[in-house]
1. Could you tell me how many of the residues in region 21-39 are within 20 Å of Y59 (Cα to Cα) and not in a loop (DSSP other than H, G, I, E, B)?
2. Please determine whether any residue of region 71-81 is more than 7 Å from the ligand (Cβ to nearest atom), modelled with pLDDT of 95 or more and outside any helix (DSSP H, G or I).
3. Return the pairs, sorted by first residue and then second, in which the second residue is assigned to a loop (DSSP other than H, G, I, E, B) and surrounded by fewer than 21 Cβ atoms within 10 Å (Cβ to Cβ), the first residue lies in region 80-94 and is in contact (Cβ under 8 Å) with a residue 12 or more places away in the chain and of a type in the set (G, A, S), the beta carbons are less than 7 Å apart, and the residues are 6+ apart or on different chains.
4. If I go through region 145-156 residue by residue, how many of them are within 16 Å of the ligand (Cβ to nearest atom) and either outside any strand (DSSP E or B) or farther than 14 Å from F171 by Cβ (or both)?
5. I need the full set of residues from region 82-96 which are crowded, with 20+ Cβ neighbours inside 10 Å and either part of a helix (DSSP H, G or I) or within 11 Å of the ligand (Cβ to nearest atom) (or both), in order please.
6. If L42 satisfies every condition in (1) assigned to a helix (DSSP H, G or I); (2) crowded, with 22+ Cβ neighbours inside 10 Å; (3) of a type outside the set (S, T, N, Q); (4) touching a Gly at 6+ places or on another chain (Cβ under 8 Å) but one, which is the exception?
7. Is it true that some residue in region 110-128 is surrounded by fewer than 18 Cβ atoms within 10 Å (Cβ to Cβ), touching a strand residue (DSSP E or B) at 6+ places or on another chain (Cβ under 9 Å), not in a loop (DSSP other than H, G, I, E, B) and not acidic (D, E)?
8. In region 168-215, which residues are within 18 Å of the chain's Cα centre (by Cα) and of a type in the set (D, E)?
Amino acid sequence: MRMRKKKWAEPYLEEHQDYAFSNPIEYKGKWKQLLDCKVLHLEIGIGKGDYLLNMAKMYPEEGWVGIEKDRSAAAVACRKAIEDGDIGKKRMIVGDAALLEDWFDEAEIDVIHLNFSDPWPKKYTHKRRLSSAGFLEKYKRLLSKEGIIRMKTDNKNLFEDSVLYFLDADFKLLSFSVDYRRNEHPEDAITEYEQRYMDLGQPIYQLVAKPNHVE
Ligand code: SAH
């Protein structure tokens, strides 16, 4: 769902370029140094950014980078983080995840989070899905040896197709749920979209996948 354009977004992003980067090629291979962390998380499509903010509070020793291409949503996420106080080990990239390899080096990321990614239902648009083959190949290069991908969605069709994308791309599924919030998961924050679907009583689909790295 696209957000209405916000007039204040551009000047706000401009002003906070030390938090919301636009093209951080200089940090490629250096994120753990920048954030002084051992574990680096990347969330793609953070929307208004609540998940990143809450997870960073729950895991303050770990590094959290969020990517968002919608500049109005990114500005909202940026403002929430700035108004929350210390930016700590969090940063944002305002841009398209297609360019991930400009910003991250091989084996640099430990956990990739895909939360309620756009479902792109029409067949000719499937290749834009963030869990489609082209993206999975990039993620495989960027994930560390023990690296994993965590995905949540409300969309059954996207979920079913994604299971196949992961298996076809030589990932193994470490866990898999078709009603993730039926059990308590206090270790995992609830996203804005997730809360909406939970309020409607709809199930949340979730999986954790790991590449079968060849030694
Ligand atoms: N994760 C949030 C928002 C989900 S909506 C939540 O769960 O509440 C999906 C978001 O992904 C949108 O804000 C959209 O702009 C963003 N997005 C989609 N494709 C993207 C891409 N290629 N790169 C960066 N962000 C993307």
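The values are calculated or read from the model by the stated rules, or taken from the named source; none is laboratory data. As the structure is a prediction and not an experimental result, all values here were calculated from the model. All Cβ positions, glycine included, derive from the backbone under ideal geometry; neighbour counts span all protein chains shown.
1. The qualifying residues number 5.
2. No: region 71-81 contains no residue that is more than 7 Å from the ligand (Cβ to nearest atom), modelled with pLDDT of 95 or more and outside any helix (DSSP H, G or I).
3. Matching pairs, first to second residue: A81/Y19; A81/I87; G88/P60.
4. Result for region 145-156: 4.
5. Result: M92, I93, V94, G95.
6. (1)
7. no
8. Within region 168-215, E187, D188, E192, E194 meet the criteria.
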